[in-house]
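Below: the structure, in structure tokens.
The values are calculated or read from the model by the stated rules, or taken from the named source; none is laboratory data. Note that the coordinates shown come from a computational prediction; the quantities given were computed from them, not determined experimentally. FYI the Cβ positions are ideal-geometry reconstructions off the backbone, even for glycines, and counts take in every protein chain you see. Note: areas computed on protein heavy atoms with side chains; ligands, DNA, RNA excluded. Shrake-Rupley method; radii C 1.70, N 1.55, O 1.52, S 1.80 Å.
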Amino acid sequence: MKRLIVLGVLLAAGGLSLTVAAFQQPPAGQPAPMVVEVDKLKDNLYVLKGGGGNSSVLITANGVVVVDTKNPGWGQPMLDKIRTLTDKPVTMIINTHTHGDHVSGNVEFSENVEVVAHENTAANMKAMRPNSSAAPNPNPPNIFRDHNGKGLAKRTFKDRMTIGRGADQIDLHYFGRSHTNGDAMAFFPAHRVLHIADVFPGRELPIMDSNNGGTGVGYADTLEKALSFAGKNADALVNGHFNTTSTNADLKDYIQFIRGFVSDVQAAKKAGKTVDEVANSWKPPAGYTAQPARVRSNAQLVFDETR
């Protein structure tokens, strides 16, 4: 009898789970809901996840600063989520680099919002070239052109810029070419948090975007400079994707992962192998992943940079 009762409870629970799962699914033919999740890192500092790259949000005395604005259509869901955190207006957007999953939401923010980026990223955003691992497209989209330039960066920096002061201070750093030729890293000194973005996306092979000035051979050297800074100043790193934060030790391991990939590709070239042979044979070490299109495009860049 006890077994029958337990079985009945399990079946009922299973049926309830199925009912809830079915309820959570969008109706056929309708898009999935655009859900922005929030992770609180420190007082007044949050990370918004979903819809593209991770976005940092700092609530300052005078308004809200947003680092990266996700894919097209995700600007308004971000604004809606920010309104649950504060009634202060968004006053500034910082774009870490040019890729569409980090800048496209810009066009949904007010025209009064100041947009800041590295000088190379500001130029790249006007062109909106697809990243080098993307499928060929004879008519690539350009969200800023389609919105008459709304959301483009008007304020730029070369190596370093400081915005605000005290608890509201943000330091922007450029350590050199890597993912693109304009990767900005946003440091929140009062919280000892560095938003490193897609230079360190997570535990996966990054895009070494030759279409937007990225490098393969020099990638790890740039990360070493970032680690040298972070090791002295930051306790947490906000990744571009997947993980909310990583540690300096994680970044150190990631640098070795990048060096290993580049070394393997260079050795293959020296042995007379082709890019296709590398793309079809190279596998990431345990704990890391690699999308095939990235392996191929990155290998081609390393071949081109290796003499």
Being open to solvent by less than 50 Å² (accessible area, probe 1.4 Å), within 24 Å of HIS179 (Cβ to Cβ), in contact with a strand residue (DSSP E or B) (Cβ under 8 Å, 6 or more places away or on another chain) and among the hydroxyl-bearing types (Ser, Thr, Tyr): is that true of SER56 here? yes
From the residues in the range 114-127 that are surrounded by fewer than 20 Cβ atoms within 10 Å (Cβ to Cβ) and either at pLDDT below 95 or not small (Gly, Ala, Ser) (or both), which one is nearest to VAL67 (Cα to Cα)? GLU114
Working only within the range 182-206, note down all residues that are surrounded by fewer than 22 Cβ atoms within 10 Å (Cβ to Cβ) and closer than 19 Å to ARG294 by Cβ. PRO201, GLY202, ARG203, GLU204, LEU205
Those residues of the range 171-181 that are farther than 15 Å from LEU251 by Cβ and either open to solvent by less than 10 Å² (accessible area, probe 1.4 Å) or free of Cβ contacts under 8 Å to residues at least 24 places away in the same chain (or both) come to a total of 3
Note: among ASP209, ASP146, just one is acidic (Asp, Glu) and open to solvent by 10 Å² or more (accessible area, probe 1.4 Å), namely ASP146
Restricting the range 256-270 to residues that are over 16 Å from THR215 (Cα atoms) and among the small types (Gly, Ala, Ser), the residue that is least open to solvent (accessible area, probe 1.4 Å): ALA268
